[in-house]
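The values are calculated or read from the model by the stated rules, or taken from the named source; none is laboratory data. It should be emphasised that the depicted structure is a prediction, and the values quoted were computed from it without experimental measurement. Ideal geometry is used to build each Cβ from the backbone, glycine not excepted, and the neighbour counts take in all protein chains shown.
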Amino acid sequence: MAAGIEHFQNNELESARAAFESARAAGLNSDSLIYNLGVVYYRLGEFELAANAFSDLLNTGNNKLAEYNLGLVAKAAGDLDEAAFWFNRAASESAPEKIRALATLQLEERKQKASSELSPIPWMAYVSLAGGYDDNIASVPESGSSGREGGFAELLAAGSADVYQAKTSTVRLESAAYSRQYPSESDFDTDFLQIGASWLERMGPGRAGMTLGLSQSWFDSEALERTYRMDLSYQVDQCPVVGTGSRCRVSVSTGVVEGGDGFEAYDGQWYQARLKGRKDFTQWRVDAQYRWDMNARDDMEAGEQFVSLSPQRNLVELAVRYKVSQRWNVGVEGSYRYSRYADPHRLFDSRGVLEIDRRVDQRAQGTLLTEYVLSARWSVRGEWMFRDNQSNLARYDYRRQTALVGIEGVF
């Protein structure tokens with residue numbers, strides 16, 4: 001540990017990090033080591049790792065020091081509401097005088113900025129531009145392959161701005177846009193636009209939220225769906241079972257869908273419940289998710305034939321990322337989705353015989369990914385995805401692979 005302190009005093013942050021992490025891996029787990037490791041992570045801009053380290057001190061005699069530093073980490077990460085929460089705790093009467101004074105100073109600084117007419121609105125933005133190859137654009141069975149495969153260009157942009165902030169409340173405006181264009185198969189071009197407004201409130205150990213949103217999707221330049229949605233959520237920064245370095249989020253959502261011209265069969269409603277969790281380790285990150293969906297659409301009927309567009313779905317997903325170095329990350333993701341449609345399909349087969357059966361799909365998906373950080377804002381990423389959909393109705397069986405390389409930025 002002494003070597004780590006010496007490296008830190010010489011501003012050799014990477015060497016200090018390596019020394020402190022080696023000491024912890026060897027079994028040393030003192031409050032001093034954890035604190036120094038948190039400070040190094042903070043100085044390196046590794047805010048999540050810094051928060052995990054300081055969180056480990058919350059149940060020790062240095063809890064007020066940990067709360068103050070968690071406020072600094074949240075402030076540096078741009079989460080001013082979270083920062084205010086920790087500074088308020090660090091400014092309590094039970095805190096040591098020096099820490100209380102520092103935390104109070106941070107809170108006063110925030111009040112002054114909030115009262116200033118020139119105070120900037122906290123905001124963030126994300127943009128990603130990628131290109132890739134899709135070997136089954138139409139998602140059709142191999143036996144009925146249309147030969148539709150080819151390259152694509154993909155754009156994703158998202159942003160948010162906190163237009164109102166109080167002691168425990170935040171009002172946030174959000175937007176997102178997505179586009180995938182196939183130069184050789186333009187009738188499969190897809191576009192999506194979404195806007196929303198969220199209210200976030202600090203409640204107990206976590207944060208509750210409500211979002212109202214509007215989205216519009218297009219397929220082959222034609223309006224596909226317009227959705228009016230509402231989300232309710234609650235997130236805690238330390239899951240009760242998993243412990244420090246974790247976060248959990250539960251949410252329920254509902255939406256009303258209006259199909260575009262020619263897509264009226266998609267009119268209806270959908271309902272969703274989701275449980276997400278994350279656990280951070282020194283070099284590993286594990287994300288898990290369970291999602292339940294139910295659809296109540298108008299469905300599609302033409303003469304004797306009928307197609308249900310109202311599935312009930314259950315999805316489980318697991319993602320693991322590993323930090324190879326300060327700049328390089330690799331990861332793997334896997335998911336399984338079970339879908340059962342509300343009413344039996346009635347479709348003519350190739351012999352002209354009307355088949356009646358309820359559609360049941362099982363979809364497995366795996367993804368390999370890698371990311372290399374170019375700077376504090378920009379990184380490049382590569383991704384390969386394989387999807388295998390097995391259905392009791394053979395016409396819905398398919399396999400699909402996509403590969404892409406792109407650049408992304410966070411502002």
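Structure notes:
- Options V256, V241; residue that is at pLDDT below 95, not assigned by TED's automatic domain parsing to the domain that holds N59 and not basic (K, R): V241
- Only one entry of G259, G255, G268, G303 meets the criterion of being surrounded by fewer than 17 Cβ atoms within 10 Å (Cβ to Cβ), of a type outside the set (S, T, Y), farther than 30 Å from A53 by Cβ and out of contact with any Pro (no Cβ under 8 Å at 6 or more places or on another chain), and that entry is G303.
- Matching option when the condition is more than 26 Å from G268 (Cα to Cα) and either under 18 Å from the mean Cα position of the chain (by Cα) or part of a strand (DSSP E or B) (or both), among R351, R381, R363, R337: R381
- Checked against (1) under 28 Å from S375 (Cα atoms); (2) part of a loop (DSSP other than H, G, I, E, B); (3) of a type in the set (D, E), E93 meets all criteria but (1).
- Strands (runs of 3 or more DSSP E) fully within segment 133-218 counting 1 or more residues that are surrounded by fewer than 16 Cβ atoms within 10 Å (Cβ to Cβ) and aromatic (F, W, Y): 150-165, 190-203
- Matching residues, segment 271-288, being exposed (fewer than 15 other Cβ atoms within 10 Å of the Cβ) and more than 23 Å from S198 (Cβ to Cβ): F281, Q283, W284
- Residues that are over 19 Å from V242 (Cα atoms) and surrounded by 18 or more Cβ atoms within 10 Å (Cβ to Cβ) within segment 35-60 comprise Y35, N36, L37, G38, V39, V40, Y41, Y42, E46, F47, listed in sequence order.
- Some residue of segment 296-306 being closer than 28 Å to A208 by Cβ and modelled with pLDDT of 95 or more: yes
- Boolean, E317 is surrounded by 16 or more Cβ atoms within 10 Å (Cβ to Cβ), at pLDDT 95 or above and either over 30 Å from D79 (Cα atoms) or in contact with a Lys or Arg (Cβ under 8 Å, 6 or more places away or on another chain) (or both): yes
- Residue under evaluation I356, criteria (1) touching a Ser or Thr at 6+ places or on another chain (Cβ under 9 Å); (2) among the hydrophobic types (A, V, I, L, M, F, W, C); (3) under 26 Å from R337 (Cα atoms), criterion not met: (1)
- Pairs, first assigned by TED's automatic domain parsing to the domain that holds N63 and touching a residue at least 40 places away in the same chain (Cβ under 8 Å) in segment 12-30, second in a loop (DSSP other than H, G, I, E, B) and hydrophobic (A, V, I, L, M, F, W, C), C-beta under 8 Å, six or more apart: E14/L44
- Filter result for L315 (free of Cβ contacts under 8 Å to residues at least 60 places away in the same chain, under 26 Å from L224 (Cβ atoms) and not in a strand (DSSP E or B)): no
- Among the candidates R395, R351, R359, residue that is among the basic types (K, R), free of Cβ contacts under 8 Å to residues at least 40 places away in the same chain and more than 30 Å from Y322 (Cα to Cα): R351
- Elements of the type helices (runs of 4 or more DSSP H) sitting completely within segment 4-84 and holding at least 3 residues that are under 26 Å from the mean Cα position of the chain (by Cα): these cover 31-43, 47-55, 63-76.
- Residues that are free of Cβ contacts under 8 Å to residues at least 24 places away in the same chain and not in a strand (DSSP E or B) within segment 225-260 comprise P240, V241, listed in sequence order.
- Test: residue in segment 113-127 that is buried (at least 21 other Cβ atoms within 10 Å of the Cβ) and modelled with pLDDT under 90: no
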